[in-house]
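Engineer: Once you've had a glance at the structure underneath, I'll fire off some questions.
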There are 4 protein chains.
Amino acid sequence: MNTTNSDQAKLAAEAPSWTYHENALEKIFVFQTFSEAFGFITRVALLSERMDHHPEWSNIYNEVHIRLSTHTEGDITDKDIVLAHRIDAMVEEV
Amino acid sequence: MNTTNSDQAKLAAEAPSWTYHENALEKIFVFQTFSEAFGFITRVALLSERMDHHPEWSNIYNEVHIRLSTHTEGDITDKDIVLAHRIDAMVEEV
Amino acid sequence: MNTTNSDQAKLAAEAPSWTYHENALEKIFVFQTFSEAFGFITRVALLSERMDHHPEWSNIYNEVHIRLSTHTEGDITDKDIVLAHRIDAMVEEV
Amino acid sequence: MNTTNSDQAKLAAEAPSWTYHENALEKIFVFQTFSEAFGFITRVALLSERMDHHPEWSNIYNEVHIRLSTHTEGDITDKDIVLAHRIDAMVEEV
């Protein structure tokens, strides 16, 4: 029995709008324009620099794909849940 | 009679949410946080680089003060009205 | 004989520091810090918004992977070569 | 005798490339282009969000004017010296 994995599944359940996939939380954000997408990217950059916890992410025009995990652990941790919630809050406030 | 000045006052009237002051359009934008203000700043930077028409602007924490004028003319032109409208649209869409 | 492909290979040869792979120009830029990488990302965003030609790109901490192609053509065009050269110039000037 | 002021003058001397003026450290940074200036602005934004210590600053095209002080103290503190040194290091590394 792998208690670690069930711990991480429990953790992932705390960010239900994200998908837990290959040891990371993933989510795609779609905007109207590149400008809107890049405004979001900049705010996530400020947040991740403040938390000293950075995403793996990609962008094509108006789409931003974010992948959160804790490299030193090889899987998600509390830090990823906090970052996921703060990113969600950023988009909801808009 | 200075027709030029009355022309510019007429022009300024097309951006009524801005103040026409010392040959420029001015407006202060106030946000909740530095992050929100800087997301806006980045989007205005993208827009002004695209239009090749850049603002004079300042920022203190959550406040952004923008001043628009056309340097080669020493006063406002159609370009400033277009930029003013696009900046307003950016904030309204939020 | 596929003249189109040989045309594109010829085009790709004009940006020799990039790799022509799956109908796109690809290059990885490595910086010292996330801050340095994100300063570069922001400048490429300004440039691509100005050219109205946007990259597919991803970032992990200090690494930026850029992929350039022209979506309407399904392959690279002159626009991608110009963007590739301008991105290279941006890093060289540093 | 105003020991506070002499303390702050001593503090200001630790950032000799900045001017101590009206209870703040001031410096003007001049770049080649708006793009280069805005890449710098973005990096200073990341740094100030990380330190939770934000500048008063303005930008006109390729020029960035930065003013550092600690609002709660109404004058400069160690935090401003640290931020000044890190901003200088950012430009020197270029």
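Rule-based calculations on the coordinates, nothing more; no lab input. All values derive from a computational prediction rather than experimental measurement. Every residue, glycine as well, gets a Cβ built from its backbone with ideal geometry; the counts of neighbours run over all protein chains shown.
Engineer: Name the helices (runs of 4 or more DSSP H) wholly inside chain C in which the number of residues that are within 11 Å of chain A (Cβ to nearest Cβ) and surrounded by 20 or more Cβ atoms within 10 Å (Cβ to Cβ) is 3 or more. Explain how you work it out, then say what you get.
Structural biologist: Details: elements: C:3-12, C:34-51, C:78-93.
So the answer is C:34-51.
Engineer: Now a separate question. Of the residues B:69, B:17, which is closer than 25 Å to residue D:39 by Cβ and polar (S, T, N, Q)? First the steps, then the outcome.
Structural biologist: Working: B:17 fails: closer than 25 Å to residue D:39 by Cβ.
Going through B:69, B:17 in turn, the sole match is B:69.
Engineer: Working only within the range C:38-88, note down all residues that are charged (D, E, K, R), closer than 20 Å to residue A:47 by Cα and in contact with an Asp or Glu (Cβ under 9 Å, 6 or more places away or on another chain).
Structural biologist: Once the filter is applied, which keeps residues that are charged (D, E, K, R), closer than 20 Å to residue A:47 by Cα and in contact with an Asp or Glu (Cβ under 9 Å, 6 or more places away or on another chain), the range C:38-88 yields only C:43.
Engineer: Please verify whether the range C:65-74 includes one or more residues that are over 14 Å from the mean Cα position of the chain (by Cα) and basic (Lys, Arg).
Structural biologist: Pass one, the range C:65-74, residues over 14 Å from the mean Cα position of the chain (by Cα): C:72-74.
Next, from what is left, pick out any that are basic (Lys, Arg): none.
No, the range C:65-74 contains no residue that is over 14 Å from the mean Cα position of the chain (by Cα) and basic (Lys, Arg).
Engineer: Given the criteria touching a helix residue (DSSP H, G or I) at 6+ places or on another chain (Cβ under 6 Å) and closer than 21 Å to residue C:61 by Cα, does residue A:42 qualify? Even if it seems obvious, please write down each step before you answer.
Structural biologist: Details: touching a helix residue (DSSP H, G or I) at 6+ places or on another chain (Cβ under 6 Å): yes; closer than 21 Å to residue C:61 by Cα: yes.
Against the criterion (touching a helix residue (DSSP H, G or I) at 6+ places or on another chain (Cβ under 6 Å) and closer than 21 Å to residue C:61 by Cα), residue A:42 qualifies.
Engineer: Check A:68, A:47 and return the single one that is within 21 Å of residue C:63 (Cβ to Cβ), touching a Ser or Thr at 6+ places or on another chain (Cβ under 8 Å) and among the hydrophobic types (A, V, I, L, M, F, W, C). First the steps, then the outcome.
Structural biologist: Numbers: A:68 fails: touching a Ser or Thr at 6+ places or on another chain (Cβ under 8 Å).
Within the list A:68, A:47, the selection yields A:47.
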